[in-house]
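Student: This is the structure, below, for whatever I ask next.
The values are calculated or read from the model by the stated rules, or taken from the named source; none is laboratory data. Keep in mind it's a predicted model, so treat the numbers as computed, not measured. Here the Cβ is made from the backbone with ideal geometry for all residues, glycine too, and neighbour counts use every protein chain on show.
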Amino acid sequence: MSRSSPGADVASPDERPKSRPGPGLAVLTALAQPVGTAIVAGWQHASVGFVGYVLLVFSGLALADRHRFPRRNFLIVVAATLTYHLLGGPVGVTLLAPMIGAAAVMAVGHRWLVATATAGSYAVWVLVSGATLSQALAALALIAGAGLVTEIGILVAAEVRNGIAEQRRLSEERQRRRASEQRLLIAAELHDVLGHHLSLINMRAGVGLHLMDRDPEQARAALDAIAQSSAEALREVQAVLNTLYPAGEAAPRAPAPGLDRLAELTEDAALRTRTVIDGTSRQLPAAVDRAAYRIVQEALTNIRRHAGPGAAATVTIGYRPEALVVEVDDDGGGAPPPQPGPVPRAGNGITGMRERAAALGGELTAGPAPDGSGGWRVRATLPLGSDETREATA
């Protein structure tokens, strides 16, 4: 049984579902109960009455914030449903709201409350309504059936959630394993290439120094061998590094760009771009400077590819005491706001940006803009003094 402070009904952080569904189910229940009950009442030649309809609608709408106040809402729904039946309302689709409310309470571990409220309500109804034995047994069977359906629904929902979480975990694990295997392969190749050629260069350099005065010709031959070995090492290292780049794209020979070229990058972005500098600009570690530039570059590329026509972007560079914050927003270019549902799976571009940030001990998030405009936001926080930053800079 979950612990809670007296009188508190807010689900604890560990108990709360990871996502809060909207009021859609509550509205649907508020419509389904009176409509379904009216149909069943018509078969029974009975009348629901104005008060009955109000109670059925109210019990459905009371589910709107069931995930925030599960126990309180469940008790309200049970009270409204019990009142409906004590007023002599005809049997119909009246247990739908209590079933949904009970599922929300049971999901946070308060099964005792569901059992107590159900048993108490049944006892009050039997005593106050003066139900016959057959009516009491029929009502008990109906309640038991509703409880069984609720339990099955909870089990099915849990299995679905577990299956989705497991698939996501396996996918992330496969992605991490592929990245690790690629890194190990590249590291092994570089180890072999550099270890072999550097040992030859070191040995021949020693020979050249030893023979420099006594036998200049032999020293020259040693220097020629060093030149050949170093050239061969460069070619092999280049071949290994080329595996890090897409087909047909060679490793860069020019110095890696940084934020000092941000104006040039935004001018060539082929979309309306505004740059905002938040804080005092200062010299950054080379690794952070390079990663920030690449993140902005990839984010602008994604805007060109995926945003609506005429999209505009805002690049914000925030200089903080301990970190550099890079934020790239777009207005969606007139695209409709994203519909509720799961966030689309991150593509290679977002994965690459996230790995750049993680390599420096930072983090990167990417998702729909919080203002609901239909745009997208990429935000990266790159620490300036972490061990990863210092090692990557060295």
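Student: Where the second residue is polar (S, T, N, Q) and part of a helix (DSSP H, G or I) and the first is within 17 Å of H110 (Cβ to Cβ) and lies in the range 142-160, which pairs have Cβ atoms under 8 Å and are six or more apart or on separate chains?
Tutor: Final answer for the pair search is G147/T118.
Student: Enumerate the pairs (first residue in the range 310-331 and at positive phi and charged (D, E, K, R); second residue anywhere and surrounded by fewer than 20 Cβ atoms within 10 Å (Cβ to Cβ) and assigned to a strand (DSSP E or B)) with beta-carbon separation below 7 Å, excluding pairs fewer than 6 apart on the same chain, so at least 6 apart or on different chains.
Tutor: Correct list of pairs: empty, since none qualify.
Student: Count, please, the residues in the range 339-363 that happen to be within 15 Å of the chain's Cα centre (by Cα) and modelled with pLDDT under 70.
Tutor: 8
Student: Residue under question is V78, and the condition is that it be surrounded by fewer than 17 Cβ atoms within 10 Å (Cβ to Cβ) and modelled with pLDDT of 85 or more; does it hold?
Tutor: Criteria not met by V78.
Student: Six or more apart or on different chains, Cβ atoms under 7 Å: show the pairs whose first residue is in the range 259-280 and under 20 Å from G310 (Cβ atoms) and whose second is not hydrophobic (A, V, I, L, M, F, W, C) and not in a helix (DSSP H, G or I).
Tutor: Listed pairs, sorted by first residue: T266/T273; T266/T275; R274/T314.
Student: Ok, one more. Restricting to the range 305-338, and then to whatever is in a loop (DSSP other than H, G, I, E, B) and touching a strand residue (DSSP E or B) at 6+ places or on another chain (Cβ under 7 Å), can you tell me which residue is modelled with the highest pLDDT?
Tutor: So, considering only residues that are in a loop (DSSP other than H, G, I, E, B) and touching a strand residue (DSSP E or B) at 6+ places or on another chain (Cβ under 7 Å), the one modelled with the highest pLDDT is E322.
Student: Here's another thing I want to ask about it. Quick test for you: out of L127, L137, L170, pick the one residue that is at pLDDT 80 or above and closer than 25 Å to H45 by Cα.
Tutor: Criteria check complete, one pass: L137.
Student: For the range 126-161, name all the residues that are more than 19 Å from T81 (Cβ to Cβ) and not in a helix (DSSP H, G or I).
Tutor: Selection gives T132 alone.
Student: Sticking with this one: Just need a number here: residues in the range 202-216 that are within 59 Å of the chain's Cα centre (by Cα) and among the charged types (D, E, K, R).
Tutor: 1
Student: Looking at L55 and the list (1) modelled with pLDDT under 85; (2) buried (at least 18 other Cβ atoms within 10 Å of the Cβ); (3) within 40 Å of the chain's Cα centre (by Cα), which single condition is not satisfied?
Tutor: Every condition holds for L55 apart from (1).
Student: Select from the range 276-304 the residues that are in a loop (DSSP other than H, G, I, E, B) and surrounded by 16 or more Cβ atoms within 10 Å (Cβ to Cβ) and list them in ascending order.
Tutor: Of everything in the range 276-304, those that are in a loop (DSSP other than H, G, I, E, B) and surrounded by 16 or more Cβ atoms within 10 Å (Cβ to Cβ) turn out to be L284, P285.
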